[in-house]
Structure formats: C-alpha cells, structure tokens
1. Would you calculate, for the chain, the mean residue ellipticity at 222 nm contributed by helices, counting each DSSP H stretch of 4 or more residues as -39,500 (n - 2.57) and dividing by all residues, to the nearest 500?
2. What number, in percent, do you get for the relative contact order of the chain if the mean sequence gap of Cα pairs under 8 Å and at least 6 apart is divided by its residue count?
3. Classify region 4-43 as rounded, prolate or oblate from the Cα gyration tensor: take a ≥ b ≥ c as the square roots of its eigenvalues, call it rounded if a/c is under 1.5, otherwise prolate when a/b beats b/c and oblate if not.
4. What distance in nm separates the two pseudo spin-label positions at residue 104 and residue 51, each 7 Å out from Cα along the beta-carbon direction?
5. Shape verdict for region 74-125, please, from the Cα gyration tensor: rounded (a/c under 1.5), prolate (a/b greater than b/c) or oblate.
6. Arrange the peptides 71-80, 98-107 so that the one whose residues have, on average, the most other Cβ atoms within 10 Å appears first.
7. For labels at residue 112 and residue 40 in the simple 7 Å Cα→Cβ model, what's the distance in nm?
8. Of the listed values (1) 33, 18, 13; (2) 25, 16, 14; (3) 23, 19, 14, grab the one calculated as semi-axes √(5λ) of the Cα gyration tensor in Å from the structure here.
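Please treat every number below as a calculation from the coordinates, not as lab data. What you are looking at is a predicted structure, and each value in this text was computed from that prediction instead of being measured. Cβ placement follows ideal geometry from the backbone for every residue including glycine, while neighbour counts extend to all protein chains displayed.
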C-alpha cells in the first residue's frame, strides 16, 4: 500500500519514483520531485493517506509514523547508484533474503529484470 501511494504520485506526474525498499521497521524511497513543492510535503501526504487507509481496517491507534525522516540530496549519477544499491542491499544485510532481487517489497527485481510489482523511473543525467 505504501509504495502504491508513491506510485500514484508518480502516475499523476508529481514525482519520479526511482527505487524503493519497505523493511519491517522503516522504508527507503528514491524520488525526484516534479510538481511537489518539497519532500516534506510529499512524505506528509503519503503518511497521512496511508494512516487513513489502514487505521480503521486493522484497528491501529496512536502514532503510526515517527515525526522525523532522513533525506539526502543526490549529487550525481554515482551518488544515485550508490544510494540505490544501499537501499536494495538493506534486506540482505538484515538477513531477510539472500539476494536483493528476492525481496518482495523492493525495486531490486525491477532494476535487475525490468519487471516488478511497481515500475520505476530511470534518471537521465
């Protein structure tokens, strides 16, 4: 559901979605803002929509998200590739899978094969 929300913003042309990994206790996304005014605003909208959609059906109460998130401005293609590799390696490092492309909630398979549950956008340098 979380990556589906990001994909919806991508489909509307608000962002470019380059990569994602949803871990049990956090997630990573690699995006380019197109029409969204700021990363903070995008994350606020996504987290709010996610909370609205899952609170009632599964009975969640209290805070769902931490108040802060961490961001990094990508400087060049090498930095982009490094961050994407770090993200994709996270499930392997945590022992969830033995190969990044086997992790269901990751764009690693898309970048390896060109197919996956959510299409990602390439970066043109």
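1. Working: 4 runs with 53 residues, N = 125.
The helix-only estimate for the chain comes to -13500 deg cm²/dmol at 222 nm.
2. Values: 127 pairs, mean separation 34.2, N = 125.
The normalised contact order for the chain reaches 27 percent.
3. Numbers: a/c = 2.17, a/b = 1.63, b/c = 1.33.
It is prolate, given that a/c is not under 1.5 and a/b is the larger ratio.
4. With each label point 7 Å from Cα toward Cβ, the separation is 2.6 nm.
5. On the way: a/c = 2.92, a/b = 1.36, b/c = 2.16.
Oblate.
6. On the way: 71-80: 11.0, 98-107: 17.9.
Ranked from most to least packed, the peptides come out as 98-107, 71-80.
7. 3.8
8. Working out semi-axes √(5λ) of the Cα gyration tensor in Å from the coordinates points to (3).
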